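Remarks on the structure that follows.
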Amino acid sequence: MTDDDANRGVVMFGANRVTKLLNIKYPIIQGAMAWVADADLAAAVSNGGGLGIIAAGNMPPDALDRELSKIRTLTDKTFGLNIMLLSPTAQDAVELAAKHRVPVVTTGAGLPGKVINRLSPLGVIVVPVIASVTHAERVRKQGASAVIAEGMEAGGHIGDITTMALTAQVTASVDIPVITAGGIADGRGMLAAFALGAEGIQMGTRFICAAECNAHDNFKKKIIDANERSTVVTGHLLGHPVRCIKNKFTQMFAEMEDSHAPIAEIDKFGSGKLRAAVVDGDVENGSVMSGQIAGLVNKVQPAREIIEEIIGEAARLAGNVNRRFE
Ligand code: TUI
């Protein structure tokens with residue numbers, strides 16, 4: 001890609017409501033991924049012109065405190081913190097966001113009314129991830145500045161509506177900016193999201209394969225080797241469907257669900273498995289969370305290159321699509 005391509009991207013995607021709200025160059029947000037999205041990855045994405053996000057996940061508060069101090073040494077650009085509302089440490093993460101004056105907070109797996117009430121008065125921009133139109137309308141009323149509409153193609157904990165159906169209906173229902181997530185890993189996906197009315201995209205799976213991402217090489221290799229049928233959703237029984245790459249772990253998890261094992265037992269079996277995959281590289285017995293788009297992610301490359309490639313591609317393609325209507 002040439003500089004010219006990237007610049008065309010700026011022209012095409014420059015200065016929309018998402019870039020202005022988040023004070024970023026390109027409307028590309030790095031998905032929050034527990035154990036994966038640390039200060040190193042987030043800073044690389046923010047330095048590359050997107051919005052890097054640290055995932056609080058279940059991180060102990062002292063460790064999160066250190067990540068939030070560290071990112072300030074790595075970038076002077078806007079970054080975000082994701083708070084997973086199901087986590088027992090969610091409230092600690094809210095207080096750390098306040099303490100560190102984190103510019104942007106995204107939330108997942110719940111409705112963030114209390115988070116917005118606590119952080120908005122401090123000037124923190126709160127952008128909830130939602131998985132239905134009902135959620136989008138509710139968080140808009142709660143005072144969200146924008147929403148991330150995440151379709152079921154995404155990795156990790158998901159809803160049940162596809163990205164295409166969700167984006168089209170959320171953009172029709174709320175007036176705040178919509179960022180699309182789930183199933184996007186290139187400029188074509190970005191353009192599709194924009195065609196549906198989105199003003200930004202969030203990508204997780206592609207950024208796992210960023211050079212600056214500290215996930216174990218075995219985890220990256222699983223993504224690179226994956227195809228469109230490599231993922232499976234487990235956890236329906238627990239009420240928390242989770243998309244992962246198929247392996248011994250998902251096989252055993254599904255067998256426990258099928259045989260109606262006690263929920264406490266299934267919960268216990270799942271505990272610590274994401275860390276095992278991401279940190280220890282045990283991609284057979286661990287939980288390799290990934291989106292369905294993994295088949296499109298074929299190499300490890302710097303975050304900046306990922307971002308510029310996608311912007312250049314989307315800009316080029318926009319011209320081609322225009323010509324299809326001539
Ligand atoms: O949160 C995510 N993705 C995640 S969280 C995660 S850690 C985890 N591990 C095991 C089990 C559960 C979580 C891994 N991946 N994405 C954002 C997201 N939010 N997806 C779906 C939702 C969501 C669901 C319900 C948002 C709001 C909501 O509201 C329902 C309600 O009424 O509370």
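Every read-out reported here was derived from the displayed coordinates using simple, explicitly stated rules and does not represent laboratory data. Quantities reported herein were computed from a predicted structural model and do not represent experimental measurements. Note that we place each Cβ from the backbone using ideal geometry, even for glycine, and neighbour counts take in every protein chain shown.
Extension gain, V279 to K248: 0.36 nm times the residue separation minus the Cα-Cα distance gives 9.4 nm. The peptide list 214-222, 265-273, put in order of mean Cβ contacts within 10 Å with the highest first, becomes 214-222, 265-273. Principal axis extents of the C-alpha atoms in region 98-191 (largest first, rounded to whole Å): 37, 24, 23. Comparing mean-square fluctuations of D186, D40, D225 from a GNM of the chain with C-alpha springs under 10 Å, the top value falls on D225.
Based on C-alpha pairs under 8 angstrom that are at least 6 apart in sequence, region 231-289 has a relative contact order of 32 percent. Highest GNM mean-square fluctuation among G235, G57, G189, for the chain modelled with Cα contacts below 10 Å: G235. Rounded, prolate or oblate: which fits region 6-152 when a ≥ b ≥ c are the square roots of the eigenvalues of the alpha-carbon gyration tensor, with rounded for a/c under 1.5 and prolate only if a/b beats b/c? Oblate.
For region 231-289, what percent of Cα pairs sit more than 18 Å apart? Pairs farther apart than 18 Å: 24 percent.
At 222 nm, what helix-only mean residue ellipticity would the chain give, in deg cm²/dmol to the nearest 500, using -39500 (n - 2.57) for each DSSP H run of four or more? Intermediate values should be presented prior to the final figure.
Numbers: 15 runs with 147 residues, N = 326.
Calculated mean residue ellipticity at 222 nm is -13000 deg cm²/dmol.
Size of the chain: Rg and Dmax of its alpha carbons, in Å, are 18.6, 60.
What FRET efficiency would be calculated for the residue pair R72, E137, taking the C-beta separation as r and a Förster radius of 41 Å, to the nearest 0.05? Intermediate results must be reported in sequence, preceding the final value.
Numbers: r = 35 Å, r/R0 = 0.86.
The pair R72/E137 has a calculated efficiency of 0.70.
Please give the contour-minus-distance gain from R188 to D160: 0.36 nm per residue of separation, less the Cα-Cα distance, rounded to one decimal in nm.
Numbers: separation 28, 0.36 × 28 = 10.08 nm, distance 2.30 nm.
Net length gain for the segment: 7.8 nm.
The ratio of the alpha-carbon radius of gyration of region 127-237 to the globular-protein estimate 2.2 N^0.38 Å is 1.11.
Taking Cα pairs under 8 Å and at least six residues apart, what relative contact order does the chain come out at, in percent?
Numbers: 713 pairs, mean separation 61.1, N = 326.
Across the chain, relative contact order equals 19 percent.
From the phi angles alone, apply the Karplus equation (6.51, -1.76, 1.60; θ = phi - 60°) to region 40-52 and give each ³J(HN,Hα) in whole Hz, x where the residue is Gly or Pro. Each residue's phi maps through the Karplus curve to give 5, 5, 4, 5, 5, 5, 5, 5, x, x, x, 10, x Hz. Counting pairwise Cα distances across region 22-89, what percent come out greater than 20 angstrom? Across region 22-89, Cα pairs with separations above 20 Å total 22 percent. For region 63-114, the alpha-carbon radius of gyration amounts to 1.12 times the rule-of-thumb value 2.2 N^0.38 Å expected for a compact globular protein. In order along region 183-198, the phi-based Karplus estimate (6.51 cos²θ - 1.76 cosθ + 1.60, θ = phi - 60°) of 3J(HN,Hα) comes to x, 10, 9, 8, x, 5, x, 4, 5, 4, 4, 5, 4, 7, x, 6 Hz; Gly and Pro are listed as x. Cα centroids of region 167-245 and region 63-127: 21 Å apart. The modelled label-to-label distance between K221 and R101, using points 7 Å beyond Cα along the C-beta direction, is 4.5 nm.
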